[in-house]
């Protein structure tokens, strides 16, 4: 975790690379860019986008965002880059650092993002790794602030798998002062390291025994897929553990909580179609806010 007196970080690999003040700064910038109050541009700026994992929202949001900022996004998919095909990643990093002003990477191993950051010489943004999804957390917090209320006065619930999205959201919630209750099956929690990081930030999540307990006092209920990309072989083994963790109308019957999901959703598994399509659903606002939040981040990193 950076010290509160530190300058804005050179890379963004985890949500707690930011301080509380820096997080607020990025969210405020994102809001102003979205509203047209901030007209900052990044002309003649190139973002290299490395994709080892496929994506819809990550590619579209970064590419459109860079275009709106007057810059250029260069897509490098798994068949177009040397990642995992013989060239050391540090060599790829140094070469791309000579062409681009920043690099966004969406990869499996978190160590890949760390290696890029070490050797590229330009800002590196984590667009998703198996450990973390900090750009999604920026969009989540921006959405909650817009649609629910002041982050320090909001209570949220995480229900389901303690995956990369959940891990980043938990740490981001702690950074923003948001109360969080977590309901995960045995063996699929967020991890002790996440609770330790949150405790260092002063707001540790509350682990509860059931989804019902998690959502009881929640203003926001958040879930994600039970089988993440790359875990398909574990599907039959993993799914039985999540019996009772579906976010459905019965679970939310006694609450007015908004619903969040980072998408894509496996409708009928972790969430029902009825909840996803209901008036309480904020998933489309979240999806759009990926672009606005990332624009705010890019401006803070590159302006």
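The values are calculated or read from the model by the stated rules, or taken from the named source; none is laboratory data. All values derive from a computational prediction rather than experimental measurement. Positions of Cβ are generated from backbone atoms using ideal geometry, with glycine treated the same way; all protein chains shown enter the neighbour counts.
Residue-wise test of (1) out of contact with any helix residue (DSSP H, G or I) (no Cβ under 9 Å at 6 or more places or on another chain); (2) surrounded by fewer than 22 Cβ atoms within 10 Å (Cβ to Cβ).
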residue	(1), (2)
24	no, yes
28	no, yes
32	no, yes
48	no, no
51	no, no
54	yes, yes
57	no, yes
61	no, no
68	no, yes
Quick one: would you say residue 253 is in the same structural domain as residue 149 (by TED's automatic domain parsing) and either in a helix (DSSP H, G or I) or within 22 Å of residue 136 (Cβ to Cβ) (or both)? no
Considering each of 243, 254 in turn, give the residue that is under 23 Å from residue 178 (Cα atoms) and surrounded by fewer than 15 Cβ atoms within 10 Å (Cβ to Cβ). 254
Take the conditions in contact with a strand residue (DSSP E or B) (Cβ under 7 Å, 6 or more places away or on another chain) and surrounded by fewer than 21 Cβ atoms within 10 Å (Cβ to Cβ) and apply them to residue 192. Does it pass? no
So, in segment 212-237, how many residues would count as being over 27 Å from residue 154 (Cα atoms) and crowded, with 18+ Cβ neighbours inside 10 Å? 1
Take segment 279-303 and flag every residue that is free of Cβ contacts under 8 Å to residues at least 24 places away in the same chain and in a loop (DSSP other than H, G, I, E, B). 279
Are any residues in segment 271-296 in contact with a helix residue (DSSP H, G or I) (Cβ under 8 Å, 6 or more places away or on another chain) and surrounded by fewer than 23 Cβ atoms within 10 Å (Cβ to Cβ), and if so, which ones? 276, 281, 282, 283, 285, 287, 291
For segment 119-176 the number of residues that are closer than 18 Å to residue 57 by Cβ and not in a helix (DSSP H, G or I) is 9
Filtered residue count, segment 52-96, keeping only those that are on the phi > 0 side of the Ramachandran plot and at pLDDT 95 or above: 1
Would you say residue 118 is over 30 Å from residue 93 (Cα atoms) and over 18 Å from the mean Cα position of the chain (by Cα)? no
Go through 193, 209, 186 for me and flag whichever is free of Cβ contacts under 8 Å to residues at least 12 places away in the same chain and assigned by TED's automatic domain parsing to the domain that holds residue 141. 193
Among the residues of segment 20-57, what is the count of those that are outside any loop (DSSP other than H, G, I, E, B), within 27 Å of residue 177 (Cα to Cα) and over 19 Å from the mean Cα position of the chain (by Cα)? 3
